Amino acid sequence: MSQFDAAPPNTYAGGKDDNLRITNNGLPDGNNDAEGEFDMIAYKRDTPKWKRIKDHSLTQMILLSIQAFCGPAMADAIAGLGGGGLATPTTNNIANAVSYAALAGVCFFGGPLVNKLGTKWALLIGALTFPLRGASFYTNSKFGNQWFLIVGSFLEGFGTGAWYVAESGTIMSIAPSGARGKYLALWIVSRNLGQLIGGAINLSKNHIAGEEGGVTPDTYIIFLIIECIAIPFALLISPLSHVVRGDGTRIRVTEKVGTAQEFRLIKKTWSSKLILLSALWAFWSFFYGGSWSTYLGLYFSVRARALSSLISPFFCIVGCFGLGFILDIKSLSQKRRAQLGLLVVVITNVATYIWSIVMQVKFNKNDPGAIDWNDSRYAVSFLPYFFIQTTGPLSQSYMYWLLSSFATDAQSNVRNGAAFRCMEAIGQAVAYGMNSKTGESPLVGFCVTFGLLVLALPPFTMLVNSTPDQIPADVIADEEAAQHRLEHAHEKKDDPTQITLQDA
C-alpha cells in the first residue's frame, strides 16, 4: 500500500502540502496541529481499526471500483456481445442513444445535485438503477419486448448520470497526489475486468458453432444478478470528508453553498478554461463505443463476439497500469508527465483508427459474413476491436488524471466531473444515434471518431501544456497552513500567560 500511495518529491504532492488536506472540518476523529496538519497519531489512537480501514482512500477506491464492475462494466459486457447481443444492433443503438441523452441531462445539473445529496447517496441512487439494463435486455431477448428496453434505458440513464457525477468527483479527490495514476488505473481496470467476467459468462453460454442471432436470454439473468450486487457496496461508501488518504491526509472540502449559488457555479464551471479546452476531448473520448460495437455485431458470429468480450480486457489491464506508472514517475515534473501521457494516448489511438478504417474499407468491398474464431480472418479482423478496448480507457483514465491536476477542492472536482461526464454522454448519444442510421457500415463512425480526435487535439494540447507543476489545491493548502501558523504565533505573543522561565 505504501508503494501505491508514494508521492513524487518534485510535485509538492506528499506530506503536509498534499492537495486535498484541510482542517478537521467537524470530523469526530483526529485533530490538526498548529501548522494545519492532520494529526494521524490522534486519529489512530481514537478511531477503531475497522473504521480506519473502511475510511482509507484505497478501501474507498476498491468499493467504488466494485460498483463500476457491477454497473458500467456489465453494460460494457452486454455491448461487447455486439449490438447488445441482439439479432440486429439497431435496437441496441437506439436504446443506448436514449440512455446517454438522459445521462447527459442529469450530468449537466449534476454538480448541484451531487453536492447537495452527497456522493454516497448519489452513488446509491445510481446503483439502484443498474439492474434496469440487464432486465430490459432480458425481456427483449425473451419476449421481444421493445418498449421496456427503451424506457428502461431512459430511466437507467437518469440514475447512472447521478452515479457518474459522484464517481468522477470521488476518483479525482480521494487518491494521494503521487499515486493518482495508479488509483485511476485500478478504477478503469475494474470496469474492464467486469467485461472480462461478462465475456466468460457469454462464452460459456454461447459457444456452439453455427449459432446465429442474439444470445440466450439466460445470459442477461446473470448480468442482472451482478448489477444488483452494486447496491450494498454503495451503502459502504464514506462521505468524502471522512476519508483518510494513504499518506495520512484528508480531503479538502469547502463550506457548502446554497442551491442558487450551486446553479450559478454551473455557468462558471462551463465557461472555465479547464472545461472549454477539454470539452471536445470529452465528447470524443467515448465516441468509439457505438461504431466498434456495431463492427463487432455485423461481422462476427455470436460465439466470436463472446470470445471477444472475454479477451479484450487483458491488454487493457496492462496498458492502463502502464500509463498509471508513467503518470506517477517520480523523476519528472507533473507537466512533463502530462505531455508524455498525451503522446502515448494519441499515438495508440491514431494507429488503431487507421487499422480499423483499412479493415472496414475491405469489408465494404467484400462482405466477410459472420467471422468465427476458427476463421483465418479472425485475428486480423478482430485486433482493431481488441486495441480500441485499451486505447479508449487509456484516454479516459488520462483525462481524469489531468483534470485532478487542476483540483482546488472536492466540490469543484464534482462540478468539473459533471461537466466532463455531460460531454462524454452527449458524445455517446450522438455516436449510438448515428450508428442506428448508418448501421450497415461503421466506416462513417470510424472516420468521424478520427476527425473528432483531430479537432480535439489542439485545444487539449493547450490545456496539457498549461498543467501546473504544483496542484492549485496544494498552493491553497500551503497558504492556509502559513496563515494558521501566523495566527498561532500572534496568539502566543499576545497571551500574557505565555512567559519565559527567565521572566519568572
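Consider Ile150 carefully, then state whether it is out of contact with any His (no Cβ under 6 Å at 6 or more places or on another chain), within 22 Å of Ile226 (Cβ to Cβ) and open to solvent by 20 Å² or more (accessible area, probe 1.4 Å). Against the criterion (out of contact with any His (no Cβ under 6 Å at 6 or more places or on another chain), within 22 Å of Ile226 (Cβ to Cβ) and open to solvent by 20 Å² or more (accessible area, probe 1.4 Å)), Ile150 does not qualify.
Being modelled with pLDDT of 90 or more and surrounded by fewer than 24 Cβ atoms within 10 Å (Cβ to Cβ) is a condition met by at least one residue of the stretch 282-297.
Looking across the stretch 248-281 at every residue that is among the hydroxyl-bearing types (Ser, Thr, Tyr) and modelled with pLDDT under 85, the one that is farthest from Leu58 (Cα to Cα) is identified as Thr259. Only one of the numbered conditions (1) crowded, with 22+ Cβ neighbours inside 10 Å; (2) free of Cβ contacts under 8 Å to residues at least 60 places away in the same chain; (3) out of contact with any Ser or Thr (no Cβ under 9 Å at 6 or more places or on another chain) is not met by Ser136, and that is (3).
If the condition is being surrounded by fewer than 21 Cβ atoms within 10 Å (Cβ to Cβ) and not aliphatic (A, V, I, L, M), then the stretch 111-128 contributes Lys116, Gly118, Lys120, Trp121.
For the stretch 225-256, residues that are aliphatic (A, V, I, L, M) and either without any contact (Cβ under 8 Å) to a residue 60 or more places away in the chain or open to solvent by 60 Å² or more (accessible area, probe 1.4 Å) (or both) total 4. The C-beta contact set for the stretch 376-404 (first residue without any contact (Cβ under 8 Å) to a residue 24 or more places away in the chain, second residue in a helix (DSSP H, G or I), distance under 8 angstrom, 6+ apart or interchain) comprises Val380/Met359.
Can you confirm whether Val165 is open to solvent by less than 10 Å² (accessible area, probe 1.4 Å), out of contact with any Leu (no Cβ under 8 Å at 6 or more places or on another chain) and of a type in the set (Val, Ile, Thr)? When the stated conditions are applied, Val165 does not pass them.
Quick one: which helices (runs of 4 or more DSSP H) sit completely within the stretch 251-314 and have at least 1 residues that are within 30 Å of Ala370 (Cα to Cα), out of contact with any Ser or Thr (no Cβ under 8 Å at 6 or more places or on another chain) and of a type in the set (Ser, Thr, Tyr)?
Details: elements: 259-270, 273-285, 288-299.
Answer list for the stretch 251-314: 288-299.
List every residue pair whose Cβ atoms sit under 6 Å apart, with the two residues 6 or more apart in sequence or on different chains, where the first one lies in the stretch 447-467 and is assigned to a helix (DSSP H, G or I) and the second, anywhere, is among the aliphatic types (A, V, I, L, M). Listed by first residue and then by second, the contacts come to Leu455/Leu280; Ala456/Leu280; Pro459/Leu277; Met462/Leu277; Leu463/Leu277; Val464/Ala338; Val464/Leu342. It is to be established whether one or more residues within the stretch 474-492 are at pLDDT 85 or above, surrounded by 11 or more Cβ atoms within 10 Å (Cβ to Cβ) and not polar (S, T, N, Q). No - not one qualifying residue is present in the stretch 474-492. Cβ separations smaller than 7 Å between residues 6+ apart or across chains give the following pairs from the stretch 64-89 residues that are on the phi < 0 side of the Ramachandran plot to residues that are assigned to a loop (DSSP other than H, G, I, E, B) and modelled with pLDDT under 90: Leu81/Val215; Leu86/Gly214; Ala87/Gly213; Ala87/Gly214; Pro89/Gly82; Pro89/Gly439.
For the stretch 207-243, give me each residue that is of a type in the set (Val, Ile, Thr), at pLDDT 80 or above and more than 21 Å from Asn115 (Cβ to Cβ). Can you show your working first?
Step one: list which residues in the stretch 207-243 are of a type in the set (Val, Ile, Thr), which gives 208, 215-216, 219, 221-222, 225-226, 229, 231, 237, 243.
Cutting the leftovers down to at pLDDT 80 or above gives us 221-222, 225-226, 229, 231, 237, 243.
Correct list: Ile221, Ile222, Ile225, Ile226, Ile229, Ile231.
The values are calculated or read from the model by the stated rules, or taken from the named source; none is laboratory data. All values reported here derive from a predicted model rather than from experimental measurement. For neighbour counting, all protein chains shown are included, and Cβ atoms are generated from backbone atoms with ideal geometry for every residue, glycine included. Quick note on the areas: whole protein, heavy atoms, side chains included, nothing else; ligands and nucleic acids left out. Shrake-Rupley method; radii C 1.70, N 1.55, O 1.52, S 1.80 Å.
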